[in-house]
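Chemist: Take a look at the following structure, please.
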Amino acid sequence: MKQSLNIVLSFLLCASAFAQTSTTRISGTVLDASGAVVPRATVTLTNDATGVSERQQTTDAGLYSFPSVPVGVYTLKVEA
């Protein structure tokens, strides 16, 4: 069974007076329609402005994380 999910993510960074950063973290859990986790799904994150992509697989618990992502608009694609 192959599932594909496209999500457009838009990030606005609220900087405090004490700390500023130009990156953020994107993480989550991939679930199927029944709510069960999807292990070893391929998650691709693409920066819409630059076309640069990063790819990884979810863990056995369906988890993924992109720890240092420049702020911007992204497309997140999940395939299993």
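Chemist: Of the conditions (1) open to solvent by 50 Å² or more (accessible area, probe 1.4 Å); (2) touching a residue at least 24 places away in the same chain (Cβ under 8 Å); (3) part of a strand (DSSP E or B), Arg40 clears all except one; give me its number.
Modeler: Condition not satisfied by Arg40: (3).
Chemist: State all residues of region 50-80 that are in a loop (DSSP other than H, G, I, E, B), within 15 Å of Asp32 (Cβ to Cβ) and open to solvent by 60 Å² or more (accessible area, probe 1.4 Å); if no residue qualifies, say none.
Modeler: Selection gives Asp60 alone.
Chemist: Now a separate question. Which residues, taken from region 59-73, are at pLDDT below 95 and either more than 12 Å from the chain's Cα centre (by Cα) or of a type outside the set (Val, Ile, Thr) (or both)? Break it down stepwise before answering.
Modeler: Just the residues of region 59-73 that are at pLDDT below 95, to begin with: 67-73.
Pro67, Ser68, Pro70, Val71, Gly72, listed by residue number.
The values are calculated or read from the model by the stated rules, or taken from the named source; none is laboratory data. The structure displayed is predicted, hence computed values, not measured ones. Please note: Cβ atoms are built from the backbone with ideal geometry, for glycine as well, and neighbour counts cover all protein chains shown. To get the accessible areas, we keep the full protein, side chains included, count just its heavy atoms, and leave off ligands, DNA and RNA. Shrake-Rupley method; radii C 1.70, N 1.55, O 1.52, S 1.80 Å.
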